[in-house]
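**Student:** Let me begin by handing over the structure; questions about it come next.
The values are calculated or read from the model by the stated rules, or taken from the named source; none is laboratory data. Just so it is clear, the model here is predicted, and its values are computed rather than measured. As a convention, Cβ positions derive from the backbone with ideal geometry for all residues, glycine included, and neighbour counts pool all protein chains shown. Keep in mind that these areas ignore ligands, DNA and RNA; they rest on the heavy atoms of the full protein, side chains included. Shrake-Rupley method; radii C 1.70, N 1.55, O 1.52, S 1.80 Å.
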Amino acid sequence: MSVPEPRSPDGLLTGPPNSLEAGEPTPGTGLSDTSPDEGLIEDLPVEDKAVEQLAEGLLSHYLPDLQRSKQALQELTQNQVVLLDTLEQEISKFKECHSMLDINALFTEAKHYHAKLVTIRKEMLMLHEKTSKLKKRALKLQQKRQKEELEREQQREKEFEREKQLTARPAKRT
């Protein structure tokens, strides 16, 4: 049996001039061009009514299952959308919890630093008081030293005057 050559739309044969015979392997592939159904359609006369009945039978056999599958897929899609929405809500709740933990950590850290600041302020006030007392004491000590030096200077002057008075003076000749 020979393989019919493809025809162009105007009915002329197209294709290579040397066509292969049926059952011969295609060059380079090692496969046959023939199929097991070849020639069956040509051999059997087909009635339109039979084709229609077969199509209706095929549809009536598979259509209910296909419709049930379609309905099940729609339900699954709807359930999937609901699950995605729920998952997004849970993720946002989780993020809120995480942010709350972060906020709590920040507040704890702020309390810690506030306590440190209060301690530092107390220490600064205490140091200020001590420095004020030390300045007053230093001023008093300086004033006391100046007073003592003044008294010593005055004592020296008195002694000098006394020595001056005690020193012998030559008498004036008259």
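**Student:** Quick one: if you stick a label point 7 Å off each Cα along the C-beta vector at LYS95 and HIS112, how many nm between them?
**Tutor:** If labels sit at LYS95 and HIS112, their model points lie 2.8 nm apart.
**Student:** Let me ask something additional. In vacuo Debye scattering of segment 116-166, one point per C-alpha: log10 I(q)/I(0) at q = 0.13, 0.18, 0.22, 0.27 Å⁻¹?
**Tutor:** -0.54, -0.69, -0.79, -0.91
**Student:** Then there's this: Which value, in debye to the nearest 20, describes the size of the charge dipole of segment 85-134 about its Cα centre when Lys and Arg Cβ atoms bear +1, Asp and Glu Cβ atoms bear -1, and nothing else is charged?
**Tutor:** Charge dipole, segment 85-134, about its Cα centre: 700 debye, nearest 20.
**Student:** Could you point to the residue in MET126, PRO64, VAL81 farthest towards the positive end of segment 51-135's charge dipole, with +1 and -1 charges on the Cβ of Lys/Arg and Asp/Glu respectively?
**Tutor:** Ranked along the dipole, the leading option is MET126.
**Student:** Per residue, how much accessible area does segment 51-135 have with a 1.4 Å probe, in Å²?
**Tutor:** About 97 Å² of surface per residue is accessible.
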